[in-house]
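A.B. asks: I have a structure here, written as structure tokens, and I will follow up with some questions on it.
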Amino acid sequence: MSETAARRAATLRARAEIDLAALRANVRALRERAPGAALMAVVKADAYGHGAVPCARAAVAAGATWLGTATPQEALALRAEAGLPDDVRIMCWLWTPGGPWREAIEARLDVSVSGMWALDELTEAARRAGLTARVQLKADTGLGRGGCQPGEDWAELVRAALRAEAEGTVRVTGLWSHFARADEPGDPSIAAQLTRFREMTAYAEQQGVRPEVRHIANSPATLTLPEAHYDLVRPGIAMYGVSPSPEVGTPADFGLRPVMTLSASLALVKQVPGGHGVSYGHHYTTSGDTTLGLVPLGYADGIPRHASSTGPVLVDGKWRTVAGRIAMDQFVVDLGGDRPEPGAEAVLFGPGDRGEPTAEDWAQAAGTIAYEIVTRIGPRVPRVYVNE
């Protein structure tokens with residue numbers, strides 16, 4: 001970040017600082033965990049709130065050869081805006097009827113198909129475009145979400161995909177699935193899903209499918225389940241330095257570093273007497289003369305209201321706790337006898353190097369997971385990219 005950009009960032013109401021050097025290091029660490037597999041950097045949901053285009057570029061610079069998104073719109077925007085090399089593959093998997101099939105084919109996206117309706121729409125779009133669509137067949141191995149059911153449904157989808165491949169309308173580039181409980185090492189469902197995945201991919205290959213990649217490993221499987229790596233791993237949250245399995249290990253335990261630091265400038269500092277109610281509903285009342293600091297972030301910015309009276313904040317080198325309700329645009333912290341100046345930095349979460357809370361601390365305070373904490377930070381909070 002240039003000196004001018006640094007000065008501009010310092011004057012912002014709030015900012016989410018995104019450390020792209022940390023992201024690149026995380027990608028390299030994840031590649032080391034799966035040295036025999038290619039790596040797909042999952043940048044769905046605006047790269048889990050970190051900014052899809054800058055994070056995609058950084059991930060590719062660190063060795064990712066695939067990018068993954070949920071929606072075709074996300075994938076099309078990446079292809080149009082990121083200026084990526086032509087050999088970087090982009091896959092998207094969340095389709096609804098009438099989706100932008102032709103646009104996806106023309107943009108050379110790898111399209112996931114879970115059922116016959118989607119394959120029918122894709123092949124029709126490919127015929128009209130006069131192009132060959134790249135398709136990946138998704139197997140439901142036990143998650144019970146997207147994916148084709150084993151048995152006759154899978155057999156029908158495989159047969160239809162091979163007919164379309166013979167016709168020249170599609171090329172089956174991959175076979176894939178997704179874990180339900182890979183963040184719980186040793187859970188019996190993991191072995192059951194791996195067995196089902198082996199069976200379903202073996203059937204497809206016996207019928208004549210020749211996939212470029214087979215893949216099932218998400219972040220926790222990339223970190224803890226080498227037998228699931230296959231040809232490609234798909235880390236998402238781990239790429240951003242957040243542990244997918246806090247009970248198993250911290251980011252540092254996995255060789256990862258959090259990428260996002262969320263902070264704000266105190267909008268007001270004032271003294272109040274004891275017995276003073278704070279924020280809506282007066283769920284917090286001062287116990288004596290004290291100083292209150294106003295943090296200009298609220299649930300409209302993605303700060304979880306469920307963390308009212310529990311969310312941690314670092315101000316003046318000390319942990320504070322949200323005092324009372326988190327409102328739409330702001331919340332209050334009780335600073336005790338300290339009196340920082342307005343404009344002083346309030347750090348909600350970051351890597352923890354300076355003693356600040358982490359996204360996992362906020363997840364614990366809000367009764368959720370750290371994935372949600374970073375992903376929900378909204379567009380009113382500018383992203384400031386460092387170490388580009």
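The values are calculated or read from the model by the stated rules, or taken from the named source; none is laboratory data. Since this is a predicted model, take the numbers as computed values, not measurements. No Cβ is skipped: glycine too gets one built from the backbone with ideal geometry, and neighbour counts run over all protein chains shown. We work out accessible area using only protein heavy atoms, side chains counted, and drop any ligands, DNA or RNA first. Shrake-Rupley method; radii C 1.70, N 1.55, O 1.52, S 1.80 Å.
A.B. asks: Calculate the length of the line joining the C-alpha centroid of region 273-344 to that of region 134-210, in whole Å.
C.D. replies: 50 Å
A.B. asks: Taking Lys318 as the anchor, which aspartates and glutamates have their alpha carbon closer than 14 Å to its alpha carbon, excluding any fewer than eight residues away along the same chain?
C.D. replies: Within reach: Asp334, Asp338, Glu345, Asp353, Glu356.
A.B. asks: Quote the accessible area belonging to Asp153 in square angstrom, nearest 10, computed with a 1.4 Å probe and with ligands, DNA and RNA left uncounted.
C.D. replies: Ignoring ligands and nucleic acids, Asp153 comes out at about 80 Å².
A.B. asks: Under 23 Å Cα to Cα from Lys138, which lysines show up? Leave out anything in the same chain fewer than 8 places away.
C.D. replies: The reachable lysines, counting only those whose Cα sits under 23 Å from Lys138, are Lys44.
A.B. asks: Here is a follow-up. For the chain, take the longest principal axis of its alpha carbons; what is the angle in degrees between that and the long axis of helix 20-33, to the nearest 10 within 0 to 90?
C.D. replies: 50 degrees
A.B. asks: Heavy-atom accessible area per residue, the chain, 1.4 Å probe: how many Å²?
C.D. replies: 42 Å²
A.B. asks: How would you order 99-106, 173-180, 221-228 from highest to lowest mean count of nearby Cβ atoms within 10 Å?
C.D. replies: Going from most to least packed, we get 173-180, 221-228, 99-106.
A.B. asks: Report, in degrees rounded to the nearest 10, the 0 to 90 angle that the Cα long axis of helix 52-61 makes with the longest principal axis of the chain.
C.D. replies: 70 degrees
A.B. asks: Something else about it: Which value in deg cm²/dmol, rounded to the nearest 500, describes the helix-derived mean residue ellipticity at 222 nm for the chain, given -39,500 (n - 2.57) per DSSP H run of n ≥ 4 and division by the residue count?
C.D. replies: The helix-only estimate for the chain comes to -9500 deg cm²/dmol at 222 nm.
A.B. asks: Counting Lys and Arg as +1 and Asp and Glu as -1, what is the net charge of the other residues whose Cβ lies under 11 Å from the Cβ of Ile326?
C.D. replies: After counting each charged neighbour, the total is 0.
A.B. asks: Report the extension gain between Thr195 and Ala80 in nm, rounded to one decimal, defined as 0.36 nm multiplied by the number of residues separating them, less their alpha carbon distance.
C.D. replies: 37.5 nm
A.B. asks: Give the calculated FRET efficiency between Ala300 and Asp87 to the nearest 0.05, with a Förster radius of 35 Å applied to their Cβ-Cβ distance.
C.D. replies: 0.30
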